[in-house]
Protein chains: 2
Amino acid sequence: MSEAPWPREELVARIRRIGEERYHSLHPFHRLLHGGQLKHGQVQAWVLNRFYYQARIPLKDAALLSRMEDPALRRSWRKRIEEHDGGPGNEGGIERWLVLAEAVGLDRNRVLRHEGVLPGVRFAVDAYVQFVRERSLIEAMASSLTELFAPAIHEERIAGLLRHYDFANERTLAYFKRRLTEAPEDVSFTLDWVLEHATTRERQEAVLGAVTFKTDVLWAQLDALHHAYVEPAIPPPGAFRLEHRS
Amino acid sequence: MSEAPWPREELVARIRRIGEERYHSLHPFHRLLHGGQLKHGQVQAWVLNRFYYQARIPLKDAALLSRMEDPALRRSWRKRIEEHDGGPGNEGGIERWLVLAEAVGLDRNRVLRHEGVLPGVRFAVDAYVQFVRERSLIEAMASSLTELFAPAIHEERIAGLLRHYDFANERTLAYFKRRLTEAPEDVSFTLDWVLEHATTRERQEAVLGAVTFKTDVLWAQLDALHHAYVEPAIPPPGAFRLEHRS
């Protein structure tokens, strides 16, 4: 009953179309951020909230690792955890994000405790970790394919932040700079694996579903930020409040 | 090292204070809804999205049931599943919500498939189900204590909808009417159980954390709705779109 699988190029094209239609580069919050139209406190809110995502990524990858029965696959995937947690000669993505957090005037320990993070951001990020724990291995891996779309947004972000914000320099934006080389390496391996294993139409559709789900996870975080701090700018009870400074 | 437990009345007062400060009755979306200031499509969006919550409640309660080792406790809790799923002489809360959905012009099957539900709503509701699966039994039970605050909002809602919207009548608002008697019965049992078992300060604080978490779950759903359909009224990709009708 099920239909013939799409050729590889067709599946890749469909994955890319999801990015063109749903990736969070299209979100108004990012346009404001990269265009220099956010106030200091709004940038702080973004850095604070996005750190919750950063901090959960290695847990997500460890959950994935714990489901991979093939040592070779685990060896390849392990690199992602090292990229975030660091190791010899590499402070790691989490530490690089904390450098950014301090540069925008946030307290490192408060950021580490995720104080004031929006519930909408927590729920979205936790949904991602849960997805990776519960779904099939191919869906769990495919959900990271949004990295295909990441270099463009990181390039745009680096240029935009450097142009518009005083805190931005090579050191404070090191996180994004580094991801420009890490993400393409990671995603190239994942895409090959997914294309290799998506041998039925059903699996291919599951792959597209996973990529779509992940775009929802990213978009929902920005919706929560936009709602709380841009328009109508009503933060939920208990969330980070903008300082009103001149 | 740990402090002495609060007296019962103090714990109850602290639970009630969470309601006064954080319950979603305070959310601007509810004020618009109950004040008759939402357009037809915005009411549809609320009914569609809130159905995702309704539909997940019995799964949440079944997860809780599956963790209760005491048959007497299961017998008491089982009633909640029956209230939503129905039984002899009771169509059940889910069916009553579908009556409301049809009354506002939504297609029953589309609603049942959760088509167009906001990712932010899904993530919040799924976080609730996950909380009940993972946390201690007392936290899982305590998270339902927001029902303490429900009768007031249901009364206000029934009156507001009847006053302002054509679709509102005894039949279409039967869901809320019914909850006016069900919720107090449910919550009275739960509150007694929680007070009985919150014998240490640590457990009492866990109870307060669970109630706070649940207010976040409810609030985040309305934030997602408000953002997508009220202000700035930018629905995320793939979500329900308002029909622009005169």
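The values are calculated or read from the model by the stated rules, or taken from the named source; none is laboratory data. It should be emphasised that the depicted structure is a prediction, and the values quoted were computed from it without experimental measurement. We place every Cβ from the backbone using ideal geometry, glycine too, and count neighbours over all the protein chains shown. Surface accessibility is based on the protein's heavy atoms, side chains included, excluding ligands, DNA and RNA. Shrake-Rupley method; radii C 1.70, N 1.55, O 1.52, S 1.80 Å.
Under the shape rule built on the C-alpha gyration tensor, where the axes satisfy a ≥ b ≥ c, the range B:159-227 is oblate, since a/c reaches at least 1.5 while a/b does not exceed b/c. Ranked by the mean number of other Cβ atoms within 10 Å of their residues, highest first, the peptides B:203-213, A:75-85 come out as B:203-213, A:75-85. Once the C-beta distance of B:Leu65 and B:Arg108 is scaled by a Förster radius of 22 Å, the resulting FRET efficiency is 0.20 to the nearest 0.05.
Take the Cβ atoms of B:Ala233 and B:Asn90, set R0 to 25 Å, and the FRET efficiency comes out at 0.05. Would you mind counting up the charge near B:Gly92? Only other residues with Cβ under 10 Å from its Cβ, with Lys and Arg at +1 and Asp and Glu at -1. That sum, taken over residues with Cβ under 10 Å, equals -3. Pairwise alpha-carbon distances in the protein assembly as shown exceed 36 Å for 35% of all pairs.
So how many Å³ per residue does the convex hull of the Cα atoms of the range A:202-242 work out to?
Numbers: hull volume 2.9 nm³, N = 41.
Expressed per residue, the convex hull around the Cα atoms of the range A:202-242 is 71 Å³.
Let me know the shape class of the range B:1-101, please: from the alpha-carbon gyration tensor, a ≥ b ≥ c as square roots of the eigenvalues, rounded when a/c is under 1.5, otherwise prolate if a/b is greater than b/c, or oblate. Judged from the Cα gyration tensor, the range B:1-101 comes out oblate (a/c at least 1.5, b/c at or above a/b).
Could you let me know the centre-to-centre spacing of the range B:12-85 and the range B:177-246, using Cα atoms, in angstrom? Centre-to-centre (Cα) distance: 6 Å. Charge tally around B:Leu48: other residues with Cβ under 13 Å, Lys/Arg +1 each, Asp/Glu -1 each, net +2.
GNM, chain A, Cα, under 10 Å: largest mean-square fluctuation among A:Thr146, A:Thr190, A:Thr200? The residue with the greatest mean-square fluctuation here is A:Thr200.
Which whole number of Å³ per residue matches the convex hull of the alpha-carbon atoms in the range B:50-191? Each step should come with its number before you reach the end.
Values: hull volume 16.6 nm³, N = 142.
Once divided by residue count, the hull of the range B:50-191 is 117 Å³.
Using heavy atoms of the protein chains and a probe of 1.4 Å, the accessible area assigned to A:Glu196 is about 110 Å². Only protein heavy atoms count here; under a 1.4 Å probe, A:Lys60 has an accessible surface of about 10 Å². Modelled spin labels at A:Ser136 and A:Thr181, positioned 7 Å past Cα toward Cβ, are 3.6 nm from each other. If you wrap the tightest convex hull around every Cα atom of chain A and split its volume per residue, you get 133 Å³. Near B:Ala210, once Lys and Arg are set to +1 and Asp and Glu to -1 for all other residues with Cβ below 9 Å from its Cβ, the sum equals +1. Simple point charges give the picture: +1 on the Cβ of Lys and Arg, -1 on the Cβ of Asp and Glu, and for the protein assembly as shown a dipole about the Cα centre of about 420 debye. In this structure, the residue pairs whose Cα-Cα separation is over 23 Å, taken from B:Lys79/B:Lys177; A:Lys79/A:Lys214; A:Lys214/B:Lys39; B:Lys39/B:Lys60; A:Lys39/A:Lys60; B:Lys60/B:Lys214, are A:Lys214/B:Lys39; B:Lys39/B:Lys60; A:Lys39/A:Lys60. Could you compute the FRET efficiency for A:Ser76 and A:Asn169, with r as their C-beta to C-beta distance and R0 at 30 Å, rounded to 0.05? E between A:Ser76 and A:Asn169, to the nearest 0.05, is 0.35. A dipole drawn for the protein assembly as shown from +1 and -1 charges on Cβ atoms has a positive end, and of B:Ile18, A:Gly41, A:Ala152 the residue lying farthest that way is A:Gly41.
The charge dipole of chain A, taken about its Cα centre with unit charges on the Cβ of Lys, Arg, Asp and Glu (plus for the first two, minus for the last two), comes to roughly 520 debye.
Run the dipole for the range A:9-138 about the Cα centre, Lys and Arg Cβ at +1, Asp and Glu Cβ at -1, nothing else charged, and hand back the magnitude in debye, nearest 20.
Value, rounded to 20: 200 debye.
Spacing of the modelled spin labels on B:Arg31 and B:Ala159, each 7 Å from Cα toward Cβ, amounts to 1.7 nm. Straightening the chain between B:Asp192 and B:Glu10 buys 64.1 nm, computed as 0.36 nm per residue apart minus the Cα-Cα spacing.
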